[in-house]
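Data first, discussion second: the structure below is written as structure tokens.
The values are calculated or read from the model by the stated rules, or taken from the named source; none is laboratory data. All values reported here derive from a predicted model rather than from experimental measurement. Because the Cβ atoms are built from the backbone with ideal geometry, glycine has one as well, and the counts that use them run over all protein chains shown. Surface areas here come from the heavy atoms of the whole protein model, side chains and all, with no ligands, DNA or RNA. Shrake-Rupley method; radii C 1.70, N 1.55, O 1.52, S 1.80 Å.
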Amino acid sequence: MWILLGIKRRSKVPGVIITQYIEELPEGKTTPDFTRKPIALTIQEGKLAIFKAIVIGDPQPTVTWKRANGEMNDPEKFQNKYDPTSNEHTLEIPKVTSDEADTYKCYAFNEYGKAVCTVVLNIIEVGFKKSKEMKKAEGFAGKKEEKREGDIDDAVWDLLLSADKKDYEQICIEHGITDFRGMLKKLIEMKKEREEEQAQFVKQITNLKPIEVKSEDAASFELDMELKDPNSRIFLYKDGVMIPYTKEAESEMKHCLKQVGKKYMFTVKNLSPDDAGIYQVDVEGVNIFSTDFKIPPVEFVVKIQEVKAEERQDAVFECVTSLPMNQIVWTLKNSPLSNSDKYEITVSEDKLIHRLKIIDCMPVDAGIYAALAGIKSCSAWLIVEGRFQTLERIELLRLHSNSAGGGGIDLLGEGADAGGDMSKFLADPGVHFSAGLEDCKAIVGEAAELVCKLSSQDCKGVWYKDGKEVHKDGATHKLKIHKVTEEFSGKYKFEADGRKTEAVIAVEDPPRFDSKELEEFAAPTVIKNNQKATFKIPFIGREPVKIQWYKDGEELVPDTNCKIEISEGQSRLLMTKLQRKDTGEIKVKIKNEFGTVEAVTNLVVLDKPTPPLGPLEIVEASSNCVEIKWRPPKDDGGCPIAHYFLERNQVGRNTWKKIGQIPGEAHYKDTDVDHGRRYCYRIRAETPEGISELYETEDVQAAYPGPPSAPKVVSAFKDCITLTWTPPTNTGGTNLLGYNVEKRKKGSNLWGLVHPPEEPVKTKKYDCKDVIEGMEYEFRVAAINISGAGEPSTPSEFVFARDPKKKNKFILKLYITILILSLNYYFFVAVNNMLNHHNFSPLEPPVQDEAKGYFVEIRPAESTEWDRCNTNAIIMTSFTVKGMKSMAMYWVRVVAFNEGGLGEPQELDNYILAMPPPVRPKFTDSKMKSFMVVRAGNSTRFNVNFVASPWPDVIWLKDGVPVSKRVTVSNAEGGSQILIPSAERSDSGIYTIIVKNIVGQETFSTEIRVTDEPKPPGPVDLDENVPGTVTVTWTASPDEKRDDRLHYMVMKRDSSKRTWHTVADRIFNNKFTACNIMPGREYQFRVYAKNDMGQSAPSESQKWLITEKKEKFTLVLPESKTCNLERPPKFLVPLKLHTAPEGYECYMSCAVKGNPTPHVTWYRNNVSINTNTNYHITNTCGVCSMLILMVGPKDTGEYKVVAESPLGRAECSTKLTVRGENFKPYCWTHKAQKL
């Protein structure tokens, strides 16, 4: 037997809600679900409405239909059908009327669950309905309009706007919202409107936390908000009613607002059931945040009781609630507790019994513990006793419980009724603390206070830690320190009647500013272009401190134009050669171990304005004046525009006429113009800082009006042809005086006015009676203003001056064929119009003439407007409609046309669904780059072309997470593009595009590396470790930490050649040994840093010279003595540990001496490599070196050098690790053996 749980979950198809009846489904069984849900319809009254759905599930689900208002009992009106071949369930409603307009629900259910979705049917009414109008009149008389099903209250909308996306479903269920898709669509629109409204008063809103019960009698909610104007008014509402609040935390008012920096915390005190409701925060009348406070009607059936525990023993608090609750809040000294190594919070299976276990109790764990459920609470003391207690009490505790807790009450057994009886076994505790000391943090120079409260007013107590001012108010004892210094830090203890309580005062010295200095610093600094600006601010706080300066959020680094000075208690920023673009926000951030403080000011650099902006707007252009407007400069240089300087040029001449200086409005009326002439203007803006560059306008003419639209023939008779047209969009800057209407016979080149020249047509319609019966005419129209007649319109269609024929009313057959080709969705419409098949009454002549052409019209299912597909009538009886949207529904109709006008449209009985062919996503560009190098500061874009059907979802990731907002993603048909406007080094990474639709998905990744030309290395030092060699060392380039592909190149020059040549490249450390250094020659070295973008400037060493010593030769014949110069091999410089990137070269070297010269052999993993051509081995003057040109994983291993001679043997080994493998430290070894 199964227990019905009613687990609700979402379907993959939007708008479908699935309810699962059991917790675990049997193997192979599934709940119902929709693979294709019904689509909303907008249909004309009298047509056939069809809803189609496809469902899946095992066992096969049963499908039923219901409507929100009304019954569906009439089987002829509501026909429920099932097609086993296509697995489609359909609901057909023939000849729909306005009564069937409703919201319909489709249910699919089996024994394991059900699925439901909603669909809306809209009816387009035709004609006047008397009965309906009478019902409206009756219902309108004095009755209050009831809320329609599906309407959402404004308060619920405010709640949704402030809620997380994961809470949408729960809010919709609670408030009966069924149209989830419609709600989301409207919510997105409302969020945009809300953000625009909030942007007027608020810069930023973050960290919205809903209302929660924080302590025994208070609930609070908080948010981080940065106001544009700190003086903006903040209002608090509950259920739409404004409620007063105070900003004083100690006030007795019920509602309180506490502000700390950008954080706002609203608190509701003295909670009661009436405090439940929707709370709303407004700034100057604009809603900022809404939260719903729910108070469950829960009570404590059994409250927690005082617990005494021996030190190192576990203590347990237990309570029972009247209603099942998943969890309650446990607090210690008003601080919430959670599961940890110290606390274990559990709840019984029925969610009624809640336990808090304090593990391994220590004296510091003593205090008041509280349990919070809703707005109800209970609290009790935990008393931790030392190990030296009386034997009687220990035995008494052990008799009742192996662990202290619950007052000895068994909440699960029959003994639960004896709650509280445990107290008779315990001795009276006497005076105890009702409120103990709490740890506090104090800032140097400010006051600190410790407070505790005893259960008795008559008890005296003693403070320890050098008694300061002690204040007693009844049972409350206070220790107050007026001015805290570092020596006050420590543990404080208060004892009374054998009881004691302890607390710690932690003295902190965070960085902070003097209020007057901060006010002076915050004042904007205004300087002129190319000058310097200085910012300095004193501060106090314990050393060491970290000081950072920022400009517009980007940290400043010292360079030639920016210097940062830090002295004791003060920091100074000096910026030189400032430009207008340097205008912005300057911020200093000071941090030490106790906190962080910031100060913000603004830098304003004044400069001349930028040129005025176009496009030029022509306000008026008549025969005697030209009035123009333009846009002010994009940047006024920090000063308001004082004047504009104008010059004018008549097109065709080479001279410019100075008009002069005009006020600072971007507007000018030029009255010195000649009719029909064209003029061009130059405009400059002036401020106190200078005159801008010029803006040259396009040509302006004292203009004639533009051409009207082509005339349309309204009707044609043998003695009159009626025309209409629309006025021109360009009136020439003045009002239109009328129109000239001209006609021309077919085959003639002469146009003639159809009215007297002095009497232009005043209206946009004209009846031309100057026609000859049977002749064919075309017409055109020209607009007239004060400058004269403008250009004529395009001619109308040719029309006969004869009485009209009858309309062709019928199209007998209409066939629709759906053709699909690649990604172009279109309909093929075939028309069969055979009048000889139509039967007419013998007493009546035919009422229509032959059709001259056809118009094809379509209407999307969600729209009520018909769109004409062909602008000109087609003669053929077939037409292809292109540009259809994938998976969209369309209605199609055809209208016949002849000289008598348009006939009645012939419409299909059912809609057409534009089904695209399924195409798996595929990238079409085979030459896409998998690696790109971009210079920092430049923009970069990466295009990806693909084909897919239906239209896929395109997702861009950077290093596995969605790209940031600064990366612009543009999706178009057949491709996608990412654009980084100004690349930074942080933009480096692997970018991945995922193209996914219902058929499949495809991914492609490319690595984008943003870098710049590296900065040069630091100073270069030279040293001689081995005779005949020079060891070159240098300080790493500042870019080495940011660029893992950065390496170095060393060049050498000696006094004999005087030219530079490369001696080493692709060095990944900061050291190189140059060989073959000859005494008596002067050497100099250069070191370059190189990366993918190029190489840096060189860092040069000092000149290196080993002087050749020449001494006088004195021949002294010594006594003949036998001298043995033979020595066994010995390593002077051993091998070093090497780690090299894969694909790069690796260079190993060591130095060995011995007499006779030892034989040197190289080994890798104990295998000789002297004859291996992959390794370049040399031995020059005892310096043994080996070069691996291209390191690979196969080169990883132990390398050993063995020097052998008849006198002995010496070894030296190291290990080569190829980057990318696990690195294990390895020490070189040096072995020597004498024979």
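Filtered by the rule that a residue be surrounded by 20 or more Cβ atoms within 10 Å (Cβ to Cβ) and at pLDDT 90 or above, the stretch 1165-1187 gives Val1183, Cys1184, Met1186.
Which of the residues belonging to the stretch 1156-1183 are over 21 Å from Arg1066 (Cβ atoms) and hydrophobic (A, V, I, L, M, F, W, C)?
So in the stretch 1156-1183, the residues over 21 Å from Arg1066 (Cβ atoms) come out as 1156-1172, 1179-1182.
Within the stretch 1156-1183, Val1160, Trp1162, Val1167, Ile1169, Cys1181 meet the criteria.
Listed by position, the strands (runs of 3 or more DSSP E) inside the stretch 1-105 whose residues that are among the charged types (D, E, K, R) number at least 1 are 7-10, 30-36, 49-58, 62-67, 79-83, 88-93. All told, Leu578 falls short of being at pLDDT 85 or above, more than 30 Å from Glu438 (Cα to Cα) and not in a loop (DSSP other than H, G, I, E, B). Those strands (runs of 3 or more DSSP E) of the stretch 947-993 in which 1 or more residues are modelled with pLDDT of 90 or more and of a type in the set (Phe, Trp, Tyr) occupy 953-958. Gly1208 falls short on exactly one of the conditions (1) farther than 21 Å from Thr1073 by Cα; (2) modelled with pLDDT of 90 or more; (3) open to solvent by 20 Å² or more (accessible area, probe 1.4 Å); (4) of a type outside the set (Phe, Trp, Tyr), and that condition is (3).
Yes/no per residue for (1) within 36 Å of the chain's Cα centre (by Cα); (2) more than 21 Å from Pro688 (Cα to Cα); (3) free of Cβ contacts under 8 Å to residues at least 40 places away in the same chain:
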position: Gly569; (1), (2), (3): no, yes, yes
position: Lys581; (1), (2), (3): yes, no, yes
position: Pro611; (1), (2), (3): yes, no, no
position: Gly614; (1), (2), (3): yes, yes, no
position: Glu617; (1), (2), (3): no, yes, yes
position: Asn624; (1), (2), (3): no, yes, no
position: Lys629; (1), (2), (3): no, yes, yes
position: His643; (1), (2), (3): no, no, no
position: Leu646; (1), (2), (3): no, no, yes
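Here Asn624 passes the criteria (1) touching a strand residue (DSSP E or B) at 6+ places or on another chain (Cβ under 7 Å); (2) part of a loop (DSSP other than H, G, I, E, B) except the one numbered (1). Looking across Arg1042, Arg1066, one residue alone is under 41 Å from the mean Cα position of the chain (by Cα), under 26 Å from Ser986 (Cβ atoms) and open to solvent by 70 Å² or more (accessible area, probe 1.4 Å). It is Arg1042. Contact annotation: no residue pair with Cβ atoms under 6 Å, 6 or more positions apart or on different chains, pairs a residue in the stretch 509-520 that is farther than 19 Å from Val545 by Cβ and among the hydroxyl-bearing types (Ser, Thr, Tyr) with a partner that is open to solvent by less than 60 Å² (accessible area, probe 1.4 Å) and in a strand (DSSP E or B).
Gln60 fulfils the conditions (1) closer than 23 Å to Leu121 by Cα; (2) of a type in the set (S, T, N, Q); (3) open to solvent by 50 Å² or more (accessible area, probe 1.4 Å) except for a single criterion, (1). Of the residues screened, Val700 is one that is touching a strand residue (DSSP E or B) at 6+ places or on another chain (Cβ under 9 Å), within 30 Å of Cys680 (Cβ to Cβ) and in contact (Cβ under 8 Å) with a residue 40 or more places away in the chain. When the residues of the stretch 733-769 are filtered to those that are open to solvent by 90 Å² or more (accessible area, probe 1.4 Å) and within 15 Å of Pro711 (Cβ to Cβ), the one that is farthest from the chain's Cα centre (by Cα) is Lys765.
For (1) over 30 Å from Tyr1048 (Cβ atoms); (2) at pLDDT below 90, each residue gets a yes or a no:
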site	(1), (2)
Val1087	no, no
Met1093	no, yes
Cys1123	yes, yes
Glu1142	no, yes
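Counting only residues that are out of contact with any Phe, Trp or Tyr (no Cβ under 6 Å at 6 or more places or on another chain), surrounded by 17 or more Cβ atoms within 10 Å (Cβ to Cβ) and assigned to a strand (DSSP E or B), how many does the stretch 605-617 have? Adding up the residues that qualify gives 2. On the stretch given as the stretch 239-258, residues that are part of a strand (DSSP E or B) and at pLDDT 80 or above total 5. Selection within the stretch 528-553: residues that are assigned to a strand (DSSP E or B) and of a type in the set (D, E, K, R). The member of this set that is farthest from Leu606 (Cα to Cα) is Lys546.
From the residues in the stretch 125-143 that are in contact with a helix residue (DSSP H, G or I) (Cβ under 9 Å, 6 or more places away or on another chain) and not in a helix (DSSP H, G or I), which one is modelled with the lowest pLDDT? Give the steps one after another, and end with the answer.
Start the filter on the stretch 125-143 by keeping residues that are in contact with a helix residue (DSSP H, G or I) (Cβ under 9 Å, 6 or more places away or on another chain), which leaves 125, 129, 132.
Still in the list and also not in a helix (DSSP H, G or I): 125, 129.
Details: Glu125: 72, Lys129: 52.
By that ranking, first place goes to Lys129.
For the stretch 716-732, which residues satisfy the criterion of being surrounded by 16 or more Cβ atoms within 10 Å (Cβ to Cβ), among the β-branched types (Val, Ile, Thr) and assigned to a loop (DSSP other than H, G, I, E, B)? The answer is Thr731, and nothing else. Checking each residue in the stretch 421-475 for being assigned to a strand (DSSP E or B), at pLDDT below 70 and not polar (S, T, N, Q) picks out Glu469, Val470, His471, Lys472, Asp473. Val588 falls short on exactly one of the conditions (1) touching a His at 6+ places or on another chain (Cβ under 9 Å); (2) open to solvent by less than 20 Å² (accessible area, probe 1.4 Å), and that condition is (1).
Table: residues versus (1) modelled with pLDDT of 80 or more; (2) exposed (fewer than 15 other Cβ atoms within 10 Å of the Cβ); (3) assigned to a strand (DSSP E or B).
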| position | (1), (2), (3) |
| --- | --- |
| Ile173 | no, yes, no |
| Arg181 | no, yes, no |
| Leu184 | yes, no, no |
| Lys191 | no, yes, no |
| Pro210 | yes, no, yes |
| Lys214 | no, no, yes |
| Ala219 | yes, no, yes |
| Met225 | yes, no, yes |
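Of all residues in the stretch 271-302, those that are touching a residue at least 60 places away in the same chain (Cβ under 8 Å), part of a strand (DSSP E or B) and open to solvent by less than 40 Å² (accessible area, probe 1.4 Å) total 13. Within 30 Å of Gly975 (Cβ to Cβ), touching a residue at least 12 places away in the same chain (Cβ under 8 Å) and part of a loop (DSSP other than H, G, I, E, B): is that true of Met1093 in this structure? Criteria met by Met1093. Just to verify a result, which residue in the stretch 762-795, among those that are in contact with a Pro (Cβ under 9 Å, 6 or more places away or on another chain), part of a loop (DSSP other than H, G, I, E, B) and small (Gly, Ala, Ser), is farthest from Ser715 (Cα to Cα)? The residue in question is Ser787. Only residues that are of a type outside the set (A, V, I, L, M, F, W, C) and either in a helix (DSSP H, G or I) or touching a Gly at 6+ places or on another chain (Cβ under 9 Å) (or both) were counted across the stretch 1176-1203, and they come to 6. Conditions: (1) touching a Cys at 6+ places or on another chain (Cβ under 6 Å); (2) closer than 28 Å to Ala199 by Cβ. Val283 meets all but one. Number of the miss? It fails just one condition, (1).
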